[in-house]
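The values are calculated or read from the model by the stated rules, or taken from the named source; none is laboratory data. Here the structure is a predicted model, which means the values were calculated and not measured. As a convention, Cβ positions derive from the backbone with ideal geometry for all residues, glycine included, and neighbour counts pool all protein chains shown. Accessible surface areas use protein heavy atoms only, side chains included; no ligands, DNA or RNA. Shrake-Rupley method; radii C 1.70, N 1.55, O 1.52, S 1.80 Å.
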Amino acid sequence: MENLQNEYLFPEIFMREFLHTQKYPHARVIRLGIGNTTEPIPDIITSAMAEESKGGLLTVNLAEESGRRNLNETHLTVNKGIMGVDQTYYANRDDMRASLFTMETESRSTQKHAHALSTVEGYRGYGAEQGHMALRMSIAQRFYKNMGIEGNEVFVSDGAQCDISRLQMLFGSNVTVAVQDPSFPAYIDSSVIAGRAGNFQEETGKYKNIVYLNCRPENNFFPDLSTASRADLIFFCSPNNPTGNAASWHQLKQLVEFAKANGSIIVYDSSYAAYISDGSPRSIYEIPGAREVAIEISSFSKFAGFTGVRLGWTVVPEELLYANGFPVIKDYNRIVCTCFNGASNIAQAGGLACLSAEGYQAITNVVDYYKENAKIIIDTFRALGLKVYGGKNAPYIWVHFPGLSSWDVFNQILEKTHIVTIPGKGFGPAGEGYIRVGAFGHRETILEASARLKNFFVTDNI
Ligand code: MLT
């Protein structure tokens, strides 16, 4: 903890915004900083959270489609577990409850969620730590179809950021870590907390034992792996936060080959996959061989507006083994059971509804709305003659201010326009000279931000 250099980036930004509002109590601050969703969650999903509606139907379909293969497997292993023979990662008492839940849902129209918690029949306590099997299977089907991912390899959670920290517990403090530079700050900060980062070096702005994989426009935001140092763990986010760049299939193939050659594990963050517009891979498992080298974390936050509801998942394939041949999934299950009691039943009901045909269409419309916002922001900065990246495959726009300090640009924009952005340096040394602008906001707010920015840059000629 002592080795951490600053406060975590986003609370630091909130603090600066707070001080700004103290200074200008009448200012209407526009927040394009932290990627916090703003648009209402479609009713089909909130209804499912209030009282089960579409979720139940989906469960029945899933059970039918899967031919009950996974459910039978679960029951068999549960029996073994109860007899004390072989309690494996997909077999515990709660998994049994999860599959019973699925069975129950088939037989009657249940009311299990928010309202139902006030009824004797509808009340539910703990669920499976790994998540309801119906949701795990649904995630596998919706996002990993034809990629060989099964429901028992999906661990439902309360969000990708929490999973990043839980994953860190799997590995010892002598493990080496590589990150994209710039990158989402939780990868580095949780590595520092885990004791893996070594000393911070003021001259470079880097931790000694962390491998920084430079991702700039000059290299198409993809590191030169032919010269990169080996690391045990590689955090890789695509579409990338903060640059908004999505790696191509060929680039990810290189990454998988690099990990294989070096005996590394990739922790692939696909939290922004729903924003991909150009056909780039939405999952690392689109790449042959990735099941042997990659864990994938993902989230309902930016895809379904669940930043406050909290729901995410992590995929750990059975083929992913430690050097001694032990399956990582078994240890991850152990961590999840020890450190987590399962995602909220209500959130999981919402997650299931998001993955139904109707729910998926409804949230895709919201994602499209944010993408339209991103376009307005891109056009705004381009019209001002600035170089702009991202925004096409992600809700983040990465704007270049050559030769300027990103904190100075952040401060100036806040001071003169009352718009909160994020200074690129907060994401790593390669972020210096950039700011990240988020596309989350009501349309009128985004248009207002655009007008203020144009006015400021033209008048002040920054
Ligand atoms: C971001 O703004 O980068 C993220 O949304 C913050 C988060 O996920 O914690």
Keeping every protein chain in place, order Asp269, Asp278 by accessible area at 1.4 Å, biggest value first, i.e. largest first. Asp278, Asp269
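Taking the Cβ-Cβ separation of Arg334 and Gln412 as r and a Förster radius of 56 Å, what is the calculated FRET efficiency to the nearest 0.05?
Rounded to the nearest 0.05, the efficiency is 0.70.
Around Leu213, what is the net charge, scoring Lys/Arg as +1 and Asp/Glu as -1 over all other residues with Cβ under 10 Å from its Cβ? Numbers along the way, then the final one.
Details: positive: none; negative: Asp181, Asp224.
Computed value for this residue: -2.
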Might you tell me the accessible area per residue for region 324-462, computed with a 1.4 Å probe and given in Å²? 39
Nearest 0.05, what FRET efficiency do Lys387 and Glu202 give at R0 = 30 Å with Cβ-Cβ as r? 0.55
Along region 350-362, what does the Karplus equation 6.51 cos²θ - 1.76 cosθ + 1.60 (θ = phi - 60°) give for ³J(HN,Hα), rounded to whole Hz, x for Gly and Pro? x, x, 4, 5, 4, 8, 6, 4, 5, x, 5, 5, 5
In degrees from 0 to 90, rounded to the nearest 10, what is the angle of the helix 133-143 Cα long axis to the longest principal axis of the chain? 50
Let me check I've understood the local charge: for Tyr275, count other residues with C-beta under 9 angstrom from its C-beta, Lys and Arg +1, Asp and Glu -1. What total comes out? +3
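Just in region 141-232: which GluC sites (Glu not before Pro) are loop by DSSP and have at most 12 other Cβ atoms within 10 Å? Spell out each step's value before the answer.
Details: sites: Glu150, Glu153, Glu202, Glu203, Glu218; in loops: Glu150, Glu202, Glu203.
Passing both the DSSP loop test and the Cβ count: Glu202, Glu203.
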What FRET efficiency comes out for Thr364 versus Asn220 if R0 is 25 angstrom and r is the Cβ-Cβ distance? Round to the nearest 0.05. 0.35
Two-decimal Rg/Rh across the chain, once Rg and the Kirkwood Rh are taken from alpha-carbon atoms: 0.98
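Excluding the sites themselves, what is the longest stretch of the chain that contains no trypsin sites (Lys or Arg not before Pro) in a DSSP loop with at most 16 other C-beta atoms within 10 Å? Numbers along the way, then the final one.
Values: sites that count: Arg28, Arg68, Arg108, Arg124, Lys145, Lys208, Arg230.
Excluding the exposed sites themselves, the longest stretch runs over 231-462.
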From the Cα centre of region 127-165 to that of region 316-355, the distance in Å is 7
Where does helix 93-107 land angle-wise versus the long Cα axis of the chain, in degrees 0 to 90, nearest 10? 80
Residue by residue through region 390-407, which ³J(HN,Hα) values in whole Hz follow from phi under the Karplus form 6.51 cos²θ - 1.76 cosθ + 1.60 (θ = phi - 60°), with glycine and proline marked x? x, x, 8, 10, 7, x, 10, 10, 10, 10, 9, 10, x, x, 9, 7, 5, 5
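Taking all protein chains in place and a 1.4 Å probe, what share, in percent, of the accessible surface of region 133-354 do carbon and sulfur account for? Spell out each step's value before the answer.
Details: 3580 of 7500 Å².
Its accessible area is 48 percent carbon and sulfur atoms.
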Expressed in nanometres to one decimal, the distance between label points 7 Å along Cα→Cβ at Glu286 and Arg443 is 2.9
Estimated inter-spin distance, Thr21 and Ser118, nm [label 7 Å along Cα→Cβ]: 3.2
Antiparallel DSSP beta bridges within the chain, as percent of all bridges there, nearest 5: 55
Add +1 for every Lys or Arg and -1 for every Asp or Glu among the other residues with Cβ under 15 Å from the Cβ of His250, and state the total. -3
Given 0.36 nm per residue, what is the gain on full extension from Ala451 to Ala228 after removing their alpha carbon distance, in nm? 76.0 nm
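Arrange the residues His26, His113 by how much accessible surface each exposes, largest first, with a 1.4 angstrom probe. Can you show the working numbers first?
Numbers: His26 180, His113 10 Å².
Ranked list, largest accessible area first: His26, His113.
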What three numbers, in Å, describe the spread of the alpha carbons of region 232-374 along their principal axes, ordered from the longest? 45, 37, 26
